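The values are calculated or read from the model by the stated rules, or taken from the named source; none is laboratory data. Computed from a predicted structure; not experimentally measured. Here Cβ is always computed from backbone atoms with ideal geometry, including for glycine, and neighbour counts include all displayed protein chains.
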Amino acid sequence: MQRQAGGKKEVNKKDQKIRTFLQDEKEQLNIKIDQLGLDTQSGDARREGSPFGKREEEATENMEFEKRLALEKQLKEQLAEVEHALLKIENGTYGICDVCGKPIGDKRIEALPAASLCIDCKAKNAKK
């Protein structure tokens, strides 16, 4: 949790460790997303250079492209969760469930540092 010290937010050591982990995670996710974008561009360049592509090759390329899109979507969702957790640290609300306002729980935070829901709210959300 954060405390005000002379108008400045003070972050405890535990939150600082989590912040550092989340910032590293954010950087890694951004790198992976950028790499997927480069892979997509290189695939487009290969296709342009081969006007006699076979249907099987096109189908394989389409399947690979769909896999990359799904992976990119998953990485962007993870990135959004990490960014949300970093914002909660800055706001002093890290470790508090977004839905019910109760503490998320140390074990859940330790396992999933970007968690924004307590286990009960996550379970309710998963049923929907």
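Table for the structure above
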read-out	value
Number of the exception - Gly101 against (1) assigned to a helix (DSSP H, G or I); (2) exposed (fewer than 11 other Cβ atoms within 10 Å of the Cβ); (3) at pLDDT 80 or above; (4) of a type in the set (Gly, Ala, Ser)	(1)
Unmet criterion (only one of (1) modelled with pLDDT of 80 or more; (2) touching a helix residue (DSSP H, G or I) at 6+ places or on another chain (Cβ under 8 Å)) for Gly43	(1)
Output for the stretch 90-128, where each listed residue is over 14 Å from Lys14 (Cα atoms) and among the charged types (D, E, K, R)	Asp98, Lys102, Arg108, Asp120, Lys122, Lys124, Lys127, Lys128
Residues of the stretch 82-102 classified as without any contact (Cβ under 8 Å) to a residue 40 or more places away in the chain and either of a type in the set (D, E, K, R) or in contact with a Cys (Cβ under 7 Å, 6 or more places away or on another chain) (or both), total	6
Top-ranked residue of the stretch 58-91 - restricted to ones that are more than 11 Å from Ala114 (Cα to Cα) and in contact with a Lys or Arg (Cβ under 7 Å, 6 or more places away or on another chain), ranked as surrounded by the fewest Cβ atoms within 10 Å (Cβ to Cβ)	Glu61
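Residue-wise test of (1) at pLDDT 95 or above; (2) assigned by TED's automatic domain parsing to the domain that holds Arg19; (3) in a helix (DSSP H, G or I).
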| position | (1), (2), (3) |
| --- | --- |
| Phe52 | no, yes, no |
| Ala70 | no, yes, yes |
| Gln78 | yes, yes, yes |
| Lys124 | no, no, yes |
